Amino acid sequence: MANRHMARESALETLYAWASAEKDGGMIPDLIASRLQHEERDDQDENYLRELVYGVIDHVDALDEVIKTAVRGRSLRSVAQLEINVIRLAVWEMQNRLEIPYRVIINEALELTRDYAGEPPRGFINGVLDNLAKQLRPAEIGKK
């Protein structure tokens, strides 16, 4: 079975490089291709990687508007590039992959944060995603 966690890692790396290059969409195919060549990620879900990356870049402004509602006391410009891309990935999944429980999405986001940014930003990201889950998945949260 193809590994979605690895696809999320590759998507985060791709989005980070894209954002660092002033959001040049023309570089996305090459960035994805380079992530697919990593030996240690041979079994990543390639389709899910593409779906995540294009889902975020095609809707980045709308995602950021949603995220702004949960980032209290900070502008999005003050959020580190890695952190905002973790949040964008999670929000996109919460909005578009309803078959994935929101708790799984948040847990994956926190794992990515720990692996790529360390412990300090995890509390911030967890708080933002918890708030957004209440907005985006109210029926699912009501069932717990």
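Worth pointing out:
Let's see how each residue does on (1) part of a loop (DSSP other than H, G, I, E, B); (2) farther than 15 Å from residue 15 by Cβ:
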residue: 48; (1), (2): no, no
residue: 107; (1), (2): no, yes
residue: 120; (1), (2): yes, yes
residue: 131; (1), (2): no, yes
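- Of all residues in the stretch 117-144, those satisfying the criterion of being of a type in the set (A, V, I, L, M, F, W, C) and open to solvent by 20 Å² or more (accessible area, probe 1.4 Å) are 117, 124, 136, 139, 141.
- Within the stretch 75-116, being among the hydrophobic types (A, V, I, L, M, F, W, C), within 25 Å of residue 22 (Cα to Cα) and open to solvent by less than 40 Å² (accessible area, probe 1.4 Å) holds for 76, 79, 82, 84, 86, 87, 89, 90, 91, 92, 109, 112.
- Among the residues listed as 55, 73, the single one being touching a Phe, Trp or Tyr at 6+ places or on another chain (Cβ under 8 Å) and small (Gly, Ala, Ser): 55
- Candidates in the stretch 42-58 are the residues that are open to solvent by 60 Å² or more (accessible area, probe 1.4 Å) and under 12 Å from the mean Cα position of the chain (by Cα); of these, the one that is nearest to residue 85 (Cα to Cα) is 54.
The values are calculated or read from the model by the stated rules, or taken from the named source; none is laboratory data. Bear in mind the structure is a predicted one, so any value in this text is a computation, not a measurement. All Cβ positions, even for glycine, are placed from backbone atoms using ideal geometry, and neighbour counts span all protein chains on display. Each accessible area value is taken on the protein alone, full model and side chains, heavy atoms only, with ligands, DNA and RNA left out. Shrake-Rupley method; radii C 1.70, N 1.55, O 1.52, S 1.80 Å.
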